[in-house]
Structure formats: C-alpha cells, structure tokens
Amino acid sequence: MTIVEPPVTTQTRYTGTPVRRTEDPRLLAGRGEYVDDVTVPKMIEAAVLRSPEAHARILSIDTSAARALPGVFDVITGADLAAVAGQQPVIWFPIPDQRIAKTHALATDRVRWVGQAVAAVVAVDRYVAEDALELIDVEYEPLPVVADLDAALAPDAPKLYDDWPDNVSGSLTYTFGEPDEAFAAADVVVKESFNHGRAFGCPLEPRGAIVDWDAFSDTIDVWLSTQAPNLARDLLSEVLGVPVHKIRVRTPNLGGGFGNKFDFYGEEVIAAVLSRRTGRPVKLIEDRRDSFFATSHSRDQRLDFEMALTNDGTIVGLRGISYGVLGGALGTVGSGPPWASVLTCMGPYKIPNLDVTVKAVMTNRSPYGSYRGWGVPKGNIVHERLIEIAARELGMDRAEIRRKNFPAPEEFPHFSGVAFTYDSGRYADCLDLAMSKIEELGWRERQAQARAEGRSVGIGYSFHVEPSAYGPSRILNLVGLAHSGFDEVTLRMDSIGKVTVYSGQINMGQGTHTIYAQLAADSLGVPMDDIVVVTGDTDSCPYTGYGTGGSRAAPLGGAAIIRAGERLRAKLLRIGAQLLEASPDDMEIVDGVLSVRGAPGRSVTTREIGDAAYRRLLDRLPEGEMPTLEEVDVFDPPNMATSYGCTALLAEVDRETGMVSLIDCLQAHDCGTVINPMLVDGQLAGGLAQALGGALLEELIYDDEGQLRTASFMDYLLPTAMEIPPFHFYHQETPAPDIPGGIKGVGEAGTIAGVSLVGSAIDDALSDLGVTVTRFPVTPPRLLDLIRAAQISASQAKEGSA
Amino acid sequence: MKPPPVKYARAGDVAEAVALLTEHGSDAKVLAGGQSLIPLMNFRLARPSVLIDINRAAGLDGIRVENGSLVIGAMARQRDVETSDVAAGAVPLLPQVLRHVGHVTNRNRGTVGGSLAHADPAAELPALVTGLGGELLVQGPGGSRLVAAEDYFLGTFTTAMEFDEVLTGVRLPRLPAGTGVAVEELARRHGDFAIVATMAAIHLAADGTVDLVRLAASGVASVPVRLHGAEAVLAGIAPTAEAIDAAAETVAGSIKPTGDVHAPADYRRDMAGLLVRRALRTAIQRTEVAA
C-alpha cells in the first residue's frame, strides 16, 4: 500500500480532506509519554491490596508485617483513608429517588466485589510494594454472595445493603402514547429476552496516577490517565476538601480511554492520601491484572422487550425492561448506561407508543461504568433484533421493514418518544447506500456460491443511531447529571502570527489535535502548520463540561473553534486593513496572507498582524482595538446531534463447531460534516472492532461465588487483526442543524452497531433452521447449543408433518 | 504484576544445571524461553527461589536426524524448528503444529523443551510428541535416561522428571515418505491455547490399506492423549468414510475433558471426535502412495 502525503502546506481548505494525523510520528517512534513514563523527583510507588472475597465483612487488618518490610514508606487501610477523604462521588442520577450506594476508595467495613481495594502500600518501588501487599493480613467473614441478576432479584436474596428492602437501586418507567392499547390492537407481537455479558473498554494503557501533595502550599499536582481532567479536578476537590484552584491535573498521552477513563476512580484518591501522609509524590499505576477488577465494567444487561406491529410491518408499540446488572457500589456514572439503553431502544424508528423501564440492580461484581457506546449498543440490540424477528414473522424483507418505519427527512427534528429529539437525518438514503454497496461488493453471489457448497454464510444488518454532542447543559442537569455539557476553547495568535488552540478535551487516539488544527486553520485562513493544539492541563487549558465522552470533542470543541475563529479572523482583517489603509470589508485572508480583495499586491502576513497587536502598536493597531489576539468561545449546544449508519456484515457459521468467521463488513454512515474522512473511518473501524470483539469474544465471566474467571488476556479475549474482517466505509453528509460547522460525533458508531449486527448475520446464515441469537457474546459452545436445539425441533416438525 | 524476589544462576552446560538443581532443591526452576514461567511468576503463581538459566548452555539447540529419528535439542527455539527443512523432512507434522503455538514472537523465544517440560495439557507440542510415540531425553545426577512420552506426561504441569533432572531433548520417529499429516485446532482466536486440537499422521500401503496411523489430541484430559482406540480401528483396513466415522466414534471414550470458561467438557468431547474426523480426512487426502 502506498500512502501519499497530502500537500498540507499549500492547502487552503483542510476540512473534508484526509490530513494525516499530526500525533502519529511521535507515537509511532515510541516517543509518546504516558503517565507511567513520567517521573517526578522523590517519587515513590504504590500498589493496592484487593479483596479475594466477593462479599464479606472485614473483621481485622494487620499491616504490621508490611510496615516492617524494608523499603516500605506507608500502609493505609479504609479507616486511614476515610479519616481524610470522603466517599467516591456519583455524578449521574437519572432515576429519581434512586438509592445511591457509595463507598470509600478503600473498603472500611465490608467488601462487595472481588478486587475491591482494601489496603494500599507505598514503597521505594512497585516490586517492594507488591511484596508488602502479601504481608498484609486481612480477616474476612464471608457473607452470602449475590452472583448474578437472578440471584439479586430472588425473593429471599441476600442483601448487599442491609438497610435497603432489596437489591434494587432504582427503577424508572417512561411511557409515551397509549402502549397498552397499541399492544392489544396489534396484529403481531414479537418478544425476546436479550443478554449482553460483562465487558469493558480495556485500554491497552491501563489507568494510572501520580499525585504530588505539596504540604507547604497545600497544592496538589496530579498526572492522571483520564478523559476528563476538569471533572477529575472538581471531584478530587470534593473528595479531599481541597479548593479546586489548588489542584492541577495534567494528562500526558493517553493509550486509549474508551469511556473507561472518563470515570473517576478510587486510585486517584488513594495516591493523594498516600502523598499527603508521606510528603512524597506517589505513583500508582494500575497493572494489567488490576485493570480487570478495578477499571469500570460495563455492558452487563438483560433486556426483556416486545414489539407490536401491524400486518404491513408498521411498528405500533415497544415495551420492556432493561435490567442493569450493576456491581457492589455505584461507579461515577451510576446507572447511566442501562438508562441510556432505554432512551435509545426505539432506535431510528417512529414508534408512537412506548412503555419502557430501566431497573438498576446491585450484585457482587465490580462497579459498572462508562464504556464507548454507553448503553446505546444494548438499545440497538432491542430494536434491531426485534425488527428482524418481526420481519421473519411477517415474511417481509429486512430492509423493507426498516425503511417503512423511518422518519422521513422532512419529519426532523424527530422526538424519539423518550428524552431525545433527533436533529436531522436521511435514514432511507443511508440504508439504500448500504444495500447498493452490498450488491457492488458481490456479497449476494458470494453467499449463494457458499450455500451451493454447503457452507452457511449469512448477511447481517444493523441500523443505528448515535446521539452525540452531549449535550445542552440545562437538559443534562434536568435528566439527572450533576455536571454540564458545554465546551470552551481559547484561540490565540501570538506576536509572530502563529496560533495556539487550547482545549479542555483530551486526545486519546481519535486525532483531536489534527482535526482541531484543521478547523482552526480553515476558520482563520492560515496554514495548518502554523497551529499548535494544547490539551491535558487544567492550569493552561479551559474548562470543558463533562469531559471527552459522549462523542463531543469534534462537534462541540469544533463549533467553539469555528466561532472563536470567526471573531479572531475579523480582528485580523481589521488590523490588516489598518496596515494596508483599506476597509476591513475589502480584506481577505488566505493561507496566512491578508490582502485587499482584487489587489493582491497589497498584502501583509499574520506575522505583521502579530507584531501590530503585541509589540509595535503605534499607528498600526486600530484605535479602540484591544491589544493581543485572543478569542474565547464557550459552546453549549441547543440540541444534540444524532449520527446514524447502516452496517452490514458477511459472516460464516461452522454448523459442526459453532465457530463464526467474519468475512467482510461495510458501513454507510452520516456524521454530518466530515472534518477528516480518514479519521472518521478510523473511528468507525475501531468501534466496530470493539463491538465485534464484544459480540464474539470478550466476556468478564463471574462464577457462582462471585469470582471473576476471565481476569487475564489468556481468558479475556480481545479481537486481533486475525479476527476482524476488512471494512468498507461510505459517507453521506447531512449537516447538524444545531451545531456550527454541521459536525456530528462519530466516536461510538461502531460499538453501537456491531453487536446486533453479528446476531443478524448468524441468524441469516442459519435461516433454514430458524435460529435467533439473543445472548452475547456468541461463543462456539453457545451457538452450537442453539444450532442443535433448532435441528432437533426441525426434525421433530418434519416427523410431525410426515 | 511484579514477580516475588528470586535468585538467578546461569548454567554453562547441562551438568552445571543439574548441579545447581541438586544444590537448590525443588524450589529451583529451569529458565528456558520463559514464555510460560515468566508470566506465572508475574502473577505470583510460580515463586521459585532460584532461576537456573540454561539459555547459554552449549549444544542444546540441535535439530538433526539420528538413526531414523528426529532429535531436537531442548533449547531449540520453536520458530527455528518450524522453519527447519530437516524437521519438516523427517516429521512434516511439526511445522504444521508449531504454527498453532502462540504467535511468531512467542515462538522466537519459546523452546521445544520448555513447552514439553511445562506440560500444559492444552499445548500442541506435548500432544504431537505423545501421538508420534516420541521419547524425552532427561539428564540427572545419575546420568541420562529416555522416557516414553506416554510415561512422561503425568498430569497438568506434571512430568516424570525428578526435581534434579533437566530435559535435554526429544526424539521423534521419522515418518515414512508419503505419510499424510493434518492438524485440526479449535481455538477462540488464532494463537490461543486450543479448546481442542487433534493431529493425524497416516500412511497407506500399496493396496490402499492403512499401515501406519498416529492420532493425538490436546485439551481433552489432564495429559496429552494418544488415541490408541481410533488408531486400532483404522490399522490394516482401507480408510473409508465409514472407517473414519468408526474411528472418530471411539474418541469420546478415550478422553476425559474438563470444562472451563471457554467450553464445557461435553463440547470438548464432541469436538474431539469431530476434529479427529476432519484431521483424518485431510491427512488421507495428503497421503502419497509410492508408485
């Protein structure tokens, strides 16, 4: 493959072009700096002791032997931590009157999941710290374990929280229209119970923190592997009782976040407490083993849903319950993701009658938190699986039944029935685009040929919506978020005419620095090479609401750059007009050169503008013009921007083993204005790879004792290049009406679409047997069971009819 | 994931390794390619007091044919064996099997002896050696001895070697020209430990009847299993589809699989039979009858 370097320096418009990532040379050369690469003078290293029990009372903790080990600086338990730090915060409260199960960063009296932190050691290095962990003696009194959802909901279930009536943290029902009447009058009702196993984002750089608590100034310097440095600073202030302005959070390169690093973790607090007690900077890196227990788990849900339709395939109602199988305490985002499944379970379809419930249930598992997709992949399972089951029942084409239920482009903005109003879309066009590409790629011939050879090849579909650009701050507050959703950007041109963009967003692999430079270059009319993007430091970068999550960096940060850029450009033109003795209205700026329109000989460069604004102002900076060249913009969107796409998969099932191989995959997609098609493709591919892994391979499996059985890469199976099919991406651009620049988010598209997609392809491959995939991941033994059960019932039906 | 404190000693040759093992007792461990031992130490599941490094012990990495057998030194890297013409010529099953062992980077460091000494019942090399009736060369304070594979693998991670013995190599009977071989492995991903793997080597006489058949499976018991029952069904008869089915049907009775997070025992049992059938079909297709 030949990669042609785009001619960056001579380009006058960057938006929409596949500019190569400015981030890459450093990372590819192995010269990135991740938090574990950071060394602070006098730094010591910590490690965390984790509970081997899923549910137990802590009777005693003896740390004396650990303290006596040479090289150990300090050992703390829950009591030590609770003396100086509050409980771990929760910021999402979508369910009114929800019981909020909070804990300290170290367990104080009781553990509720395997891997819960119970003590921490800080020592000269991590080796000694881990040696010391083995010397801590914890006496547990085991309690009955609530290992899964059924165990948690059983009438006589042991309780995780003694003062609760049961293990349900909260429940919320949304109704829209007249669901009961709709179901009573429907021609067809299809219903299923779907399960998605536990999984997590599994960033290849695990989490990590360095905290330096300076006793003299009472300031806290933090280096943190996070997607949300501003949020982390606010929450550290809340938990530690230190004013926000005395806390600085820096984020070096991030080796993946995937939502997992949006959440705020106990290790940040543990490192802070250890630093305060020892007077030393403390590094606490989550190693790979820790990560399986201590990084937010997600996805774990059961979804019991039914869809009502008329005989012509019109959906008239949807009702059901989304059970969030939460852990032993609430994570930062509480029951947010299972709630979001309910908000998106109608997907792209007009469904006039809804009765949908989220029920958040506590179990003795690790806490539930953010993972790319944030509940929407499970919403997608509900609408995409049910509509295909309905198509089968009604004998309808799978594309036709979808097309029939889309809102038409002129019906936007379209209220989904629960919370979201989709801003814009051409859903049928997108579906048609995907279908035409299936023909072009010859999938139908490949399928027919394979079937003629006796192989089971199927084509799967998934149409998804991705609510992005989270979100209007006041609406987020209204639905229960104790945080905002705006984004702030500072755009500064310096004294020699070069530009720095300061953003509160975090670059975790998406290419944020590249697209921000593209947008700033276009909005100012300067070369991209003149732009530097700075992120990851709360002292120098502005505040962003939320953090880098909810597919918001491109639409919200992008909009703020465009708006700030317009104002700064106007100022440049005013100064340029003064220098050239022209009217600002006659001025233009192209590629960093300001000239009088129609008289290209009369020009100045941004270098001279910088000089006039910062250094030699006399007769050059217009009277009344404020010195310096800086614009700040805060963009709080009036509505979210909803991306969407139609994904298709060609897959083969081995009926004798239950193994599934993925042959080819395509996605037709609309994320509004495409800033950089190469990076959008990268987002789509990465998300799809994660979803395909979740659909077939990845599962955090707990046994009946609440032990996590897949806590290493030998058993938690990430997809590799060997398992992932080729991808083909096609874009249509329907600009977001409420976002300057028309940009919609794209970070989560693949993860939303890809799970139901696999189910659809498998069902199609086995269409003669009538198999319906309802449980993910689809492992070979599970699929073989489905195949054999279908074969038995098929042969019984044959006998019955004979 | 830092290992507990451990002492390190380098052995210049096998005799020195044996002496060090004798000196340090059963808490000492021999370090070869480290592809299993080091992760186990990082998990603190293995905590040897001393590592005896034999990476620089001379003369342990040979790959040669000797008296009709292929002899591979314990320290031969798996990748070197995989790409060795000598190994492929004598035992064409070897490169095929090795391609399923981890990934190339693992095989660059991983050694043949390391895998055989580690004795993971899901691993491919122990099954190959067992299936082909190989012998293990073991050296201890009292000298060297040869142990037949089926006497060597005693259980999961357990072999017939004494604590003061070092595995120095393996001897595999050379397969006659025209032998068809096949490996069938069912793994969740390429390079993972097998859920079940089967291997077949089959040779046909001029009249089309089977005059040599070797069948083995991994992932189906606490030790790698040679499928004698299935071999007996095929020996001396024409390998028809019915004969293959009859051989495959004996497999379930010769194995004792256990379940884990990836597959229950019943699934493994079923798959062992299926994969024996598939391996036999492919191996038979690949046989060449001498003209």
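Residue pairs whose Cβ atoms lie under 7 Å apart, separated by 6 or more positions or on different chains, with the first residue in the stretch A:277-300 and assigned by TED's automatic domain parsing to the domain that holds A:Gln227 and in contact (Cβ under 8 Å) with a residue 40 or more places away in the chain and the second of a type in the set (Lys, Arg) and in a strand (DSSP E or B), are A:Phe293/A:Arg50. Among the numbered conditions (1) under 29 Å from A:Val457 (Cα atoms); (2) within 14 Å of another protein chain (Cβ to nearest Cβ), the only one that A:Asp703 does not meet is (1).
Can you spot a residue in the stretch A:675-685 that is within 14 Å of another protein chain (Cβ to nearest Cβ), outside any loop (DSSP other than H, G, I, E, B) and at pLDDT 95 or above? Scanning the stretch A:675-685 turns up no residue that is within 14 Å of another protein chain (Cβ to nearest Cβ), outside any loop (DSSP other than H, G, I, E, B) and at pLDDT 95 or above.
For the stretch A:706-721, a tally of residues being over 30 Å from A:Ala554 (Cα atoms) and within 14 Å of another protein chain (Cβ to nearest Cβ) returns 11.
Residues are listed down the side, and each one gets a yes or a no for (1) within 23 Å of A:Arg552 (Cα to Cα); (2) outside any loop (DSSP other than H, G, I, E, B); (3) touching a His at 6+ places or on another chain (Cβ under 6 Å):
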residue: A:Ser341; (1), (2), (3): yes, yes, no
residue: A:Ile351; (1), (2), (3): no, no, no
residue: A:Ala360; (1), (2), (3): no, yes, no
residue: A:Arg365; (1), (2), (3): no, no, no
residue: A:Trp374; (1), (2), (3): yes, no, no
residue: A:Pro377; (1), (2), (3): yes, yes, no
residue: A:Ile381; (1), (2), (3): no, yes, no
residue: A:Ile387; (1), (2), (3): no, yes, no
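Of note, A:Ile752 does not satisfy the criterion of being over 29 Å from A:Arg444 (Cβ atoms), of a type outside the set (Ser, Thr, Tyr) and more than 14 Å from chain B (Cβ to nearest Cβ).
Checking each residue in the stretch B:169-198 for being surrounded by fewer than 22 Cβ atoms within 10 Å (Cβ to Cβ), within 14 Å of chain A (Cβ to nearest Cβ) and touching a Ser or Thr at 6+ places or on another chain (Cβ under 7 Å) picks out only B:Arg189.
Just one of the numbered conditions (1) assigned by TED's automatic domain parsing to the domain that holds A:Asp304; (2) in a helix (DSSP H, G or I) is not true of A:Met396: (2). Residues in the stretch A:259-273 that are in contact with a Lys or Arg (Cβ under 8 Å, 6 or more places away or on another chain) and of a type outside the set (Asp, Glu) were compared, and the one that is farthest from the other protein chains (Cβ to nearest Cβ) is A:Gly259. If you go through the stretch A:286-324 and pick out every residue that is touching a Phe, Trp or Tyr at 6+ places or on another chain (Cβ under 9 Å), within 14 Å of chain B (Cβ to nearest Cβ) and not hydrophobic (A, V, I, L, M, F, W, C), you end up with 4.
With respect to A:Arg782, determine if the residue is free of Cβ contacts under 8 Å to residues at least 24 places away in the same chain, within 14 Å of chain B (Cβ to nearest Cβ) and surrounded by fewer than 19 Cβ atoms within 10 Å (Cβ to Cβ). The answer is no for A:Arg782. Among what's in the stretch A:722-734 and is in a strand (DSSP E or B) and farther than 18 Å from A:Val758 by Cα, pick the residue that is nearest to the other protein chains (Cβ to nearest Cβ). Among those residues, the one meeting the criterion is A:Tyr730. The residue list B:Ala248, B:Ala216 contains one member that is surrounded by 21 or more Cβ atoms within 10 Å (Cβ to Cβ) and within 13 Å of another protein chain (Cβ to nearest Cβ), which is B:Ala248. Taking the stretch A:511-570, which residues are farther than 21 Å from A:Glu748 by Cβ and either modelled with pLDDT under 95 or of a type in the set (Lys, Arg) (or both)? A:Arg563, A:Arg567, A:Arg569, listed by residue number.
If we scan the stretch A:533-549, do we find a residue that is in contact (Cβ under 8 Å) with a residue 24 or more places away in the chain and part of a helix (DSSP H, G or I)? So far as the stretch A:533-549 goes, no, none of its residues is in contact (Cβ under 8 Å) with a residue 24 or more places away in the chain and part of a helix (DSSP H, G or I).
The stretch A:114-187 holds strands (runs of 3 or more DSSP E) entirely within its bounds, and those carrying 1 or more residues that are at negative phi and within 14 Å of another protein chain (Cβ to nearest Cβ) map to A:117-123. Here A:Ile589 meets the list (1) among the β-branched types (Val, Ile, Thr); (2) crowded, with 21+ Cβ neighbours inside 10 Å; (3) in a strand (DSSP E or B) almost entirely, failing just condition (2). B:Val233 satisfies every condition listed in (1) more than 14 Å from chain A (Cβ to nearest Cβ); (2) crowded, with 23+ Cβ neighbours inside 10 Å except (2).
Apart from one condition, B:Met41 fits all of (1) in a helix (DSSP H, G or I); (2) away from chain A (no Cβ under 14 Å); (3) not aromatic (Phe, Trp, Tyr); the exception is (2). Looking across A:Pro94, A:Pro52, A:Pro70, A:Pro89, one residue alone is under 28 Å from A:Pro203 (Cα atoms), within 14 Å of chain B (Cβ to nearest Cβ) and assigned to a loop (DSSP other than H, G, I, E, B). It is A:Pro52.
Applying the set (1) within 24 Å of B:Glu16 (Cβ to Cβ); (2) touching a residue at least 24 places away in the same chain (Cβ under 8 Å) to B:Glu162 leaves exactly one unmet item: (2). The set of residues in the stretch A:357-395 that are in contact with a helix residue (DSSP H, G or I) (Cβ under 8 Å, 6 or more places away or on another chain) and among the hydrophobic types (A, V, I, L, M, F, W, C) comprises A:Val358, A:Ala360, A:Val361, A:Met362, A:Trp374, A:Val376, A:Ile381, A:Val382, A:Ile387, A:Ala390, A:Ala391, A:Leu394.
For the stretch A:212-264, a residue qualifies if it is within 19 Å of A:Glu23 (Cβ to Cβ) and assigned to a loop (DSSP other than H, G, I, E, B), and the qualifying residues are A:Ser225, A:Thr226, A:Gln227, A:Thr251, A:Pro252, A:Asn253, A:Leu254, A:Gly255, A:Gly256, A:Gly257, A:Phe258, A:Lys261. Here is the figure for the stretch B:106-149: residues that are under 22 Å from B:Ala57 (Cα atoms) and either without any contact (Cβ under 8 Å) to a residue 12 or more places away in the chain or of a type in the set (D, E, K, R) (or both) total 6. Looking only at the stretch A:71-102, residues that are out of contact with any helix residue (DSSP H, G or I) (no Cβ under 8 Å at 6 or more places or on another chain) and touching a residue at least 24 places away in the same chain (Cβ under 8 Å) come to 13 in all. Summed over the stretch A:681-703, the residues that are more than 22 Å from B:Val196 (Cβ to Cβ) and surrounded by fewer than 23 Cβ atoms within 10 Å (Cβ to Cβ) give a count of 6.
The values are calculated or read from the model by the stated rules, or taken from the named source; none is laboratory data. Since the model is a prediction, treat every value here as computed from it, not as a measurement. Cβ: placed from backbone, ideal geometry, glycine included. Neighbour counts: every protein chain shown.
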